[in-house]
Number of protein chains: 4
Amino acid sequence: MGKNRLEAFSDGVLAIVLTIMVLEMKVPHGAGLVALRGILPVFLSYVLSFVYIGIYWNNHHHMLHTTTRVDGLVFWANLHLLFWLSLFPSVTGWMGENHFAAPPSAVYGVVLFFAALAYWLLQHAIIRSQGPDSPLAMASPVLAQFPYIAVAILWLVPDRRIERTLDAGPHS
Amino acid sequence: MGKNRLEAFSDGVLAIVLTIMVLEMKVPHGAGLVALRGILPVFLSYVLSFVYIGIYWNNHHHMLHTTTRVDGLVFWANLHLLFWLSLFPSVTGWMGENHFAAPPSAVYGVVLFFAALAYWLLQHAIIRSQGPDSPLAMASPVLAQFPYIAVAILWLVPDRRIERTLDAGPHS
Amino acid sequence: MGKNRLEAFSDGVLAIVLTIMVLEMKVPHGAGLVALRGILPVFLSYVLSFVYIGIYWNNHHHMLHTTTRVDGLVFWANLHLLFWLSLFPSVTGWMGENHFAAPPSAVYGVVLFFAALAYWLLQHAIIRSQGPDSPLAMASPVLAQFPYIAVAILWLVPDRRIERTLDAGPHS
Amino acid sequence: MGKNRLEAFSDGVLAIVLTIMVLEMKVPHGAGLVALRGILPVFLSYVLSFVYIGIYWNNHHHMLHTTTRVDGLVFWANLHLLFWLSLFPSVTGWMGENHFAAPPSAVYGVVLFFAALAYWLLQHAIIRSQGPDSPLAMASPVLAQFPYIAVAILWLVPDRRIERTLDAGPHS
């Protein structure tokens with residue numbers, strides 16, 4: 001399989017994910033600026049997810065840059081990553097709509113975790129298909145720390161949110 | 001017509017189909033984890049359709065790989081396939097929302113059947129345009145079994161679901 | 001401006017238009033097959049628009065094939081065409097939802113008319129930018145009949161629909 | 001990072017933004033032409049945003065045309081621009097739905113302002129990465145006037161709308 005088509009297809013899915021997230025940000029029905037207050041948390045969760053997708057797109061691009069061959073395992077590992085990233089609009093909207101309440105934030109964290117795991121699996125599938133002399137395998141000891149650190153941070157962040165939410169009492 | 005533009009256009013449509021399916025997975029309105037229970041069947045139907053579209057994209061890619069010329073018949077046969085695949089988000093959402101009840105599952109099976117048929121027609125249109133010496137024509141006795149087997153499995157699956165649903169009584 | 005980017009951008013918009021039309025086909029809320037009866041006209045109007053967009057994409061592709069340079073006028077004439085084509089999902093959904101009633105069918109016809117007009121303007125902008133020796137200018141006496149015939153047919157079709165609707169009485 | 005992938009990704013996002021704006025133009029629920037009256041302001045706001053996105057795409061294309069290298073700063077400056085442009089469908093729908101009332105028009109102006117600012121930042125990031133001898137740096141004294149003039153006009157337009165709205169009294 002051509003690496004270029006895999007890149008183009010992944011770019012297409014990520015561009016769509018990035019753009020349809022905004023569709024979850026429902027147009028407020030009042031004409032006053034008060035109507036904006038209701039979508040402020042939705043807006044903040046959208047900014048957060050926009051940055052995450054940007055980071056994934058940037059890293060995905062660099063990882064594929066080192067790749068020359070794409071086999072079936074890489075294809076399915078890539079589709080697996082796209083699956084978890086395609087869930088971002090839904091969980092982003094859910095988290096924002098409920099003002100970063102504990103359960104939606106935890107679900108958001110779960111999706112982030114599986115996306116990081118899928119990225120890590122894709123990285124190993126690529127190394128396996130390229131052989132131990134590939135630039136990615138050599139860079140891997142450094143790169144491999146990225147998902148672990150990312151996941152660690154992710155699990156810290158929801159925890160702090162849950163704590164804050166528990167302190168503040170239930171929303172709505 | 002250039003084969004590259006046909007490929008790029010098909011990739012675009014499939015990437016959008018894959019991603020907008022998730023829009024059917026409505027954001028739950030409660031903040032509790034109980035709200036997730038309601039979208040579990042929607043989630044499962046989404047995973048199923050995601051895998052199907054992935055399989056179609058992979059096969060479509062390999063089939064076009066053997067192609068050098070694209071005539072009008074191949075263009076329309078390809079658009080016919082994209083038409084049935086573009087119905088996936090709607091029927092996936094309908095099936096999931098009704099917890100795999102018999103009628104939506106049967107309609108899902110009908111769309112799968114026509115997609116498989118359209119794939120088979122596209123394959124023959126390509127063989128016809130390439131001549132009997134094309135790699136696809138030689139590979140065809142093997143490849144030709146794919147849609148038949150796929151359709152056979154598809155018709156088994158809804159049957160089992162209908163049976164299970166009939167045993168379990170009607171879902172609300 | 002590069003012709004390739006104009007092609008790729010137009011392909012992207014047309015692929016999205018084609019695919020989001022299906023989002024207008026709302027998932028029925030009942031689980032029974034009766035729920036499908038309500039979306040049959042929506043389905044038929046979707047098939048009709050799918051074929052129209054397919055024809056436009058095919059013709060657009062052939063027209064740009066003869067082009068080498070793209071100036072500002074061609075850019076805006078192309079965007080003007082994309083504008084009218086991007087209205088297809090809305091008017092298709094409106095016409096289908098109201099069972100081909102007279103006013104939505106007339107509005108659908110108006111959008112088709114302006115799309116045909118925009119195509120005709122784009123063709124002249126391309127001929128102007130290529131000079132009188134371009135293949136398109138030579139092919140133009142034949143090609144130029146396409147929009148006229150298309151528009152003629154379009155205006156016949158809504159008329160017949162209006163007639164039929166008037167005979168049948170108003171649809172609620 | 002390859003300039004071509006940045007171009008293709010930006011084209012993808014802009015094509016989707018352009019097309020999903022129309023999804024905000026809700027299909028009217030009555031069958032009569034009176035139903036169209038309600039979406040006339042939505043239609044006008046859609047035309048306005050369509051032209052704006054077209055202008056941005058055209059300028060973005062010319063700016064990247066002069067670019068040869070893309071570094072991390074350019075990547076993030078470009079994503080920042082795409083972020084503000086991706087807000088167009090929401091604010092366009094809100095402004096149109098409320099018949100160009102003052103608060104939504106002001107919010108629309110704010111988004112336009114930040115998009116112009118992001119464009120200006122992207123331009124400086126590109127000049128910085130290309131060095132002072134780049135064609136863009138030489139063209140910059142002229143080009144640099146574009147965002148200022150654009151923003152000036154933008155702030156004039158909402159002002160006139162607010163005035164008109166205040167004269168006419170509150171809508172709905």
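The values are calculated or read from the model by the stated rules, or taken from the named source; none is laboratory data. As the structure is a prediction and not an experimental result, all values here were calculated from the model. Don't worry about glycine lacking a Cβ; one is built from the backbone with ideal geometry, like all the others, and counts go over all protein chains shown.
Among the residues of segment B:77-88, write down those that are at the interface with chain C (Cβ under 8 Å from one of its Cβ atoms) and either without any contact (Cβ under 8 Å) to a residue 40 or more places away in the chain or of a type in the set (A, V, I, L, M) (or both). Before you say what the answer is, go through the steps one by one.
So the first thing to find is which residues in segment B:77-88 are at the interface with chain C (Cβ under 8 Å from one of its Cβ atoms), and the list is B:79, B:82-83, B:86-87.
Listed by number, the residues that qualify are B:L79, B:L82, B:F83, B:L87.
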The conditions are (1) surrounded by fewer than 23 Cβ atoms within 10 Å (Cβ to Cβ); (2) closer than 28 Å to C:M21 by Cα; (3) more than 9 Å from chain C (Cβ to nearest Cβ), and D:A8 fails exactly one of them. Which is it?
(3)
List the number of the failed condition for C:L48; all other conditions in (1) touching a helix residue (DSSP H, G or I) at 6+ places or on another chain (Cβ under 7 Å); (2) more than 9 Å from chain D (Cβ to nearest Cβ) hold.
(1)
So which residues in segment C:94-110 are facing another protein chain (nearest Cβ under 8 Å), among the hydrophobic types (A, V, I, L, M, F, W, C) and surrounded by 24 or more Cβ atoms within 10 Å (Cβ to Cβ)?
C:W94
Can you pull out the residues in segment B:1-17 that are over 17 Å from the mean Cα position of the chain (by Cα), part of a helix (DSSP H, G or I) and in contact (Cβ under 8 Å) with a residue 60 or more places away in the chain?
B:K3, B:L6
Does C:V91 qualify as being of a type in the set (V, I, T) and more than 10 Å from chain D (Cβ to nearest Cβ)?
no
Any residue in segment A:43-55 that's under 15 Å from A:M25 (Cβ atoms): show its pairings with residues that are charged (D, E, K, R) and surrounded by 21 or more Cβ atoms within 10 Å (Cβ to Cβ) at Cβ separation under 8 Å, as long as the two are six or more apart or on different chains.
A:Y46/A:E24
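Give the number of residues within segment B:83-133 that are over 22 Å from B:L18 (Cα atoms) and not acidic (D, E).
14
If you check C:R69 against the conditions, is it modelled with pLDDT under 90 and either assigned to a helix (DSSP H, G or I) or within 12 Å of chain D (Cβ to nearest Cβ) (or both)?
Details: modelled with pLDDT under 90: yes; either assigned to a helix (DSSP H, G or I) or within 12 Å of chain D (Cβ to nearest Cβ) (or both): no.
So C:R69 does not fit the description; no.
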Test of understanding: among A:L14, A:L36, which residue is modelled with pLDDT of 90 or more and either out of contact with any Lys or Arg (no Cβ under 7 Å at 6 or more places or on another chain) or surrounded by fewer than 15 Cβ atoms within 10 Å (Cβ to Cβ) (or both)?
A:L14
Quick check: is even one residue across segment A:53-64 assigned to a loop (DSSP other than H, G, I, E, B) and within 13 Å of chain B (Cβ to nearest Cβ)?
no
